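Before any comments, here is the structure.
The values are calculated or read from the model by the stated rules, or taken from the named source; none is laboratory data. As the structure is a prediction and not an experimental result, all values here were calculated from the model. No Cβ is skipped: glycine too gets one built from the backbone with ideal geometry, and neighbour counts run over all protein chains shown. Surface accessibility is based on the protein's heavy atoms, side chains included, excluding ligands, DNA and RNA. Shrake-Rupley method; radii C 1.70, N 1.55, O 1.52, S 1.80 Å.
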Amino acid sequence: MQLTRPLAIGLGLVLAITAALWLGVAQIGLNSDDYQYIASLAPMHTLSDAVRPFVSPDANPSYFRPLSNMTMVADFLVFGWSGGEYHLTNLFFHLIATALVFFVARNLFGLRPIESLLAALFFGVMASHEFNLAVDTARADVLAAIFVMLAVLAESGRPPASRGVFGLVFFALGLLSKEVGILALPLIFLLVIARARSVRTTVVRAIPYAVVAALFYVYQSQFTSRTSEVLAGAHGPVNLFRNSAYALGYTLLPLDLATATALLSHYRTAAFTIGAIGVALIVAFLLTRGNRELLRASVIPLLFTVITGIVLCLAFERWRVYLPSVGLAAVIVLVVSRIPSRAVRSTLRVLFALLMGWHVFRALTAQAEWVQSTALLERLKQNLTATIEQARPHRIGILASPSKLGSATVLQVGQQALVTRAEADGGSERNVRDGTTTGATLDSWTAVEVFALDASEGFQGLTTRRVSALDYILTVPPDSKMMLFPAAYRPDGSARRDVVLQPGDSIVTDDYIDIVRQVRRGTISSMEVCIRDTTAMLLSFDRSAFDAVP
């Protein structure tokens, strides 16, 4: 991994630009995932608690990610409840990954030094990595990517006597970071070991990795259990294509939530058609005779992208694009720099510069949205703590809950974690000191999620009107960019945000019934909530706090 002085300066500049772009994460507070994450790792009082994740089950019984959990415990012991420092830890790991992208591009993908620097720069500033920097649970993907790259680099390095040892160590650390670390195994076999001319050499080098993987899964099985959950969207070729399209589209063009929602609702067919035609034209162009050399150079980074993107095909989640984007960044740089036609190359370079500028803009915008969303979340936590201490309810029912502010999460899925944290903080100083939730027993449910697609508009104009003893109408203004959505999904999975519900559609739960009253431009603008749980204290959300309702 030796670097000449000019390359060291260039890599330093890439890391400086990446750090400057993402430094805004220091202003982002704790999010609802963090409240859930911290509670699952508590109590955290001494350094010995940082080792406990290696010998105890994860809060999610399907997972075992002790190395990632250990870094979170370390953050809590050092920084307490100051969320900005947690995200700076994420940035530190992202800078390590960005530096490794340079070495992977140069040493494994075979890119020229300047191309490798460009690939690292593009990877570093990709706005599609926003979630991995702003949400601490997504740190696991960053750590796994780091150790997967280190394992592949170690196995392909010199001298031969040491590469196997370091490769195995990094492979094991990748597995301990997140299950996706297993993807290092096919990468090492297909991209490195398979190059060996001797079958015996190939087998000898592959067996230790298989043994480490087997030992890990035996060890993991002691702390995990199977669940009935299936990866959403993993059924059938149509869903596989859809998830792949989401992943590719989001990685290249991480649009704001308003634009993405519009594309997935009333422009969905057109977006998929244009995207498919575009990909087909690019593939056809690359297969022409003059581009054969470029195609050969792109094989290894393409294989890297496809192998590491398998999980995305099964279920698209934006934090999972982190590792596949290593190969994708290299492919894009190769196309831009090595396309034979000078005119096409010049055009692509301009487009690449515009694409980089777009990612920088989106990264800055995303950070600003996360600052707003986490500040709102902190106000809601204090609001709930005061409400709980005053009313002492047995259960809370939230009629309308802020789900997202722009592209940043407020309370999507994490509402119970916030309620638990608010109750725990008001109940004991020890809970605040050690991150525990002792004594927090308050249950809660949410009827309607509110998505504020425009962060500058926020949740202004959202109204909750009582129409009878147990019926409430939730409405957003006609010109608003907010949308409503049922908090509970139908068993058949049809109540998704990329599926348009029609007026009259209803979702029935034990606690409430949601009825769609009005749909405007493909999104729900008015919903009726019929309360079935008459024991709960009802709260509704205005633009900044929860208010008790009759």
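At a glance:
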| quantity | calculated |
| --- | --- |
| Listed residues Ala260, Val450, Gly435: farthest to the positive end of the dipole of the chain (Cβ charges) | Ala260 |
| Residues listed by number, region 22-57, amide nitrogen under 17 Å from Phe92 label point at 7 Å toward C-beta | 22-28, 47, 50-51 |
| Cα-centre dipole for region 1-110 with unit charges at Cβ (Lys and Arg positive, Asp and Glu negative), debye to 20 | 460 debye |
| Crossing angle, helix 236-252 versus the chain [Cα axis fit, 0-90 degrees, rounded to tens] | 80 degrees |
| Heavy-atom accessible surface of region 72-123: percent carbon and sulfur, 1.4 Å | 72 percent |
| Computed over the chain: relative contact order in percent, which uses C-alpha pairs under 8 Å that are six or more apart | 15 percent |
| Heavy-atom accessible area per residue - the chain, 1.4 Å, Å² | 44 Å² |
| Potential lengthening between Gln502 and Tyr219 on full extension [0.36 nm per residue; Cα-Cα distance subtracted] | 97.0 nm |
| Sequence-separation-based contact order of region 340-446, relative, with Cα cut under 8 Å and 6+ spacing, percent | 27 percent |
| The chain: mean projected area of Cα convex hull, nm² | 26.6 nm² |
| Only Lys, Arg (+1) and Asp, Glu (-1) charged, at Cβ; the chain dipole about Cα centre in debye | 2660 debye |
| The chain: calculated mean residue ellipticity at 222 nm from DSSP helix runs of at least 4, using -39500 (n - 2.57) | -18000 deg cm²/dmol |
| Between helix 199-221 and the chain: long-axis angle, C-alpha atoms, 0 to 90°, nearest 10 | 20 degrees |
| Extreme residue, positive dipole direction of the chain, given options Gly278, Ala134, Ser468 (C-beta unit charges) | Gly278 |
| Extended-chain gain in nm, criterion 0.36 nm per residue less alpha-carbon gap, Gln2 and Thr509 | 176.4 nm |
| Inter-label distance, nm, simple model (7 Å from Cα along the C-beta direction), Ala386/Leu77 | 3.6 nm |
| Rg/Rh ratio calculated on Cα atoms of region 349-394 (Kirkwood radius) | 1.46 |
| Cut-off 13 Å between beta-carbons: net charge of the residues surrounding Leu248, Lys and Arg +1, Asp and Glu -1 | +3 |
| Theoretical FRET efficiency, 1/(1+(r/R0)^6), r = Cβ-Cβ of Gln518 and Thr202, R0 60 Å, to 0.05 | 0.40 |
| Relative contact order %, region 396-550, counting alpha carbon pairs below 8 Å whose residues are six or more apart | 25 percent |
| Label-point separation in nm, Arg466 to Ser62, each point 7 Å along Cα→Cβ | 4.1 nm |
| 3J(HN,Hα) from dihedral phi, region 376-388, Karplus parametrisation 6.51/-1.76/1.60, rounded to Hz, x for glycine, proline | 4, 4, 5, 5, 5, 5, 5, 4, 5, 4, 5, 5, 5 |
| Length added when fully stretched, Asp443-Ser544, from 0.36 nm per residue minus Cα-Cα | 34.2 nm |
| Anisotropy class of region 109-172 from Cα gyration tensor, a/c 1.5 cut | oblate |
| Ellipsoid semi-axes in whole angstrom, largest first, where each is sqrt(5λ) of the Cα gyration tensor of region 48-121 | 33, 17, 9 |
| Largest-first principal axis extents, alpha carbons of region 54-208, Å | 55, 41, 23 |
| With every protein chain in place, region 440-486: carbon and sulfur % of accessible area (1.4 Å) | 50 percent |
| Helix axis angle, 268-286 relative to the chain longest principal axis, alpha carbon, degrees | 10 degrees |
| Residue range of the chain that is longest and free of trypsin sites (Lys or Arg not before Pro) which are both DSSP loop and sparsely packed (at most 12 other C-beta within 10 Å) | 227-520 |
| Rg in Å to one decimal, and Dmax rounded to a whole Å, for region 307-446 via C-alpha atoms | 22.8, 72 |
